[in-house]
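Data first, discussion second: the structure below is written as structure tokens.
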Amino acid sequence: MKDMMNAPFVVEMRKLTANMYRLGWDERNGGNISYMLDEDTVWEYLKPDEVIRTIPLGFDASAVAGKVFIVTGTGKYFKNVDDDPETNLGIVRIAADGVNAELLWGYRDGGKFTSEFPAHLMSHMARLSVDPANRVIIHCHPTHVLAMNYVHELEEKSFTHTLWEMCTECIVVFPDGVGVLPWMLCGTNSIGEATAEKMKEFRLVVWGMHGIYGAGKTIDEAFGLIETVEKAAQIYMLTAHLPRINTIRDEEMVELAEFFGVNYRRDFLNL
Ligand code: 13P
Ligand code: ZN
């Protein structure tokens, strides 16, 4: 067996959590990450029949039964992951019954996966149904996205349109737009179901007055989506109270989307 500390997916999780903490998006235990692991790689580090304990999921995840995920622990601080991955992260396999998770590594202090695991797993299932290569779900509390939630209408078309106007490359990076949910109670199956419904259509979902979800084939894709939205939200918050003299016009957004060959939400423009 190879050493788990050197596993590429553990190294990626350590770097990602430290980076997100430094960006100020994951105060205290804020935020959570789940990453579906490549099965050829994971068994170089773990024995498939050595289950530490079984943890009930509280919902049916049969669509991903047998899949293995590395997941941040509930109540754990992103700032502490790098120093102690084995306590702050866990590797779980969704059991054949679809309603339990088998802990294979981590949560060394007796902990468990994030309280947002319903939203994560349901989002994985939704994204996999439209993109079989999806592997990563990231949730965090980016500062400017949150600030924007208090002063901008929480409606998908107008929220996406405003973000697209804030940086030239936004429409190219997230042409599918941003899904928006109203404030809802977090940590529940209901918010998980609502998020997953949006994830069939969007790779980004804002949780009103709470934070954001991003999905991707890689950590870079999911992180890059959130990073781009956060940058656009920052520009918005820096300018929202000032007279707007210039903007990126809808015709220019069309020019961008066509030049870069992306399939964008035409109904989110006002043409
Ligand atoms: P966890 O500590 O359970 O991951 O919760 C953090 C969070 O951001 C809840 O939305
Ligand atoms: Zn949160």
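The values are calculated or read from the model by the stated rules, or taken from the named source; none is laboratory data. It should be emphasised that the depicted structure is a prediction, and the values quoted were computed from it without experimental measurement. Neighbour counts run over all protein chains shown; Cβ positions are idealised from the backbone, glycine included.
Would you pick out the residues in segment 193-211 that are buried (at least 21 other Cβ atoms within 10 Å of the Cβ), among the small types (Gly, Ala, Ser) and in contact with a strand residue (DSSP E or B) (Cβ under 7 Å, 6 or more places away or on another chain)?
Across segment 193-211, the qualifying residue is only GLY211.
Just checking, which of GLU165, GLU193, GLU197, GLU230 is in a helix (DSSP H, G or I), modelled with pLDDT of 95 or more, of a type in the set (Asp, Glu) and over 17 Å from the mean Cα position of the chain (by Cα)? Steps first, please.
On the way: GLU193 fails: over 17 Å from the mean Cα position of the chain (by Cα); GLU197 fails: over 17 Å from the mean Cα position of the chain (by Cα); GLU230 fails: over 17 Å from the mean Cα position of the chain (by Cα).
Going through GLU165, GLU193, GLU197, GLU230 in turn, the sole match is GLU165.
What do you reckon, is ILE212 part of a helix (DSSP H, G or I), among the hydrophobic types (A, V, I, L, M, F, W, C), in contact with a Leu (Cβ under 8 Å, 6 or more places away or on another chain) and touching a residue at least 60 places away in the same chain (Cβ under 8 Å)?
Working: part of a helix (DSSP H, G or I): no; among the hydrophobic types (A, V, I, L, M, F, W, C): yes; in contact with a Leu (Cβ under 8 Å, 6 or more places away or on another chain): yes; touching a residue at least 60 places away in the same chain (Cβ under 8 Å): yes.
So ILE212 does not fit the description; no.
On the basis of being away from ligand 2 (no atom under 16 Å from the Cβ), among the aromatic types (Phe, Trp, Tyr) and under 27 Å from SER190 (Cα atoms), does TYR45 make the cut?
Answer is no for this residue.
Right, THR54: in contact with a strand residue (DSSP E or B) (Cβ under 9 Å, 6 or more places away or on another chain) and closer than 29 Å to ALA147 by Cβ or not?
No: the conditions fail for THR54.
Quick grid of which residues meet (1) closer than 18 Å to CYS140 by Cβ; (2) touching a helix residue (DSSP H, G or I) at 6+ places or on another chain (Cβ under 9 Å); (3) outside any helix (DSSP H, G or I):
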{"site": "VAL10", "(1), (2), (3)": "no, yes, no"}
{"site": "MET13", "(1), (2), (3)": "yes, yes, no"}
{"site": "MET20", "(1), (2), (3)": "yes, yes, no"}
{"site": "THR41", "(1), (2), (3)": "no, yes, no"}
{"site": "PRO48", "(1), (2), (3)": "no, yes, yes"}
{"site": "ILE70", "(1), (2), (3)": "yes, yes, yes"}
{"site": "GLY75", "(1), (2), (3)": "yes, no, yes"}
{"site": "GLU86", "(1), (2), (3)": "no, yes, no"}
{"site": "ASP97", "(1), (2), (3)": "no, yes, yes"}
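Among the listed residues GLY58, GLY90, GLY75, GLY106, which satisfies the condition of being touching a Leu at 6+ places or on another chain (Cβ under 8 Å) and on the phi > 0 side of the Ramachandran plot?
Just a single option satisfies the conditions, and that option is GLY106.
Only one of PHE9, PHE69, PHE59 is within 15 Å of the chain's Cα centre (by Cα) and away from ligand 1 (no atom under 13 Å from the Cβ); which?
Exactly one residue qualifies, and that residue is PHE69.
Filter segment 127-157 for residues that are farther than 22 Å from GLU227 by Cβ, of a type in the set (A, V, I, L, M) and touching a Lys or Arg at 6+ places or on another chain (Cβ under 8 Å) and give the result.
In the first step, residues of segment 127-157 are kept if they are farther than 22 Å from GLU227 by Cβ; the result is 128-130, 132, 153, 155, 157.
Narrowing the set further to residues that are of a type in the set (A, V, I, L, M) leaves 128, 130.
Listed by number, the list holds a single entry, VAL130.
Restricting segment 1-22 to residues that are surrounded by 14 or more Cβ atoms within 10 Å (Cβ to Cβ) and among the hydrophobic types (A, V, I, L, M, F, W, C), which is nearest to ligand 2 (Cβ to nearest atom)?
Top of the filtered list is MET20.
Which residue pairs have Cβ atoms under 6 Å apart, sit 6 or more places apart or on different chains, and have a first residue in segment 184-196 that is within 9 Å of ALA119 (Cα to Cα) and a second that is within 10 Å of ligand 1 (Cβ to nearest atom) and assigned to a helix (DSSP H, G or I)?
Final answer for the pair search is ILE191/ALA119; GLY192/ALA119; THR195/ALA119.
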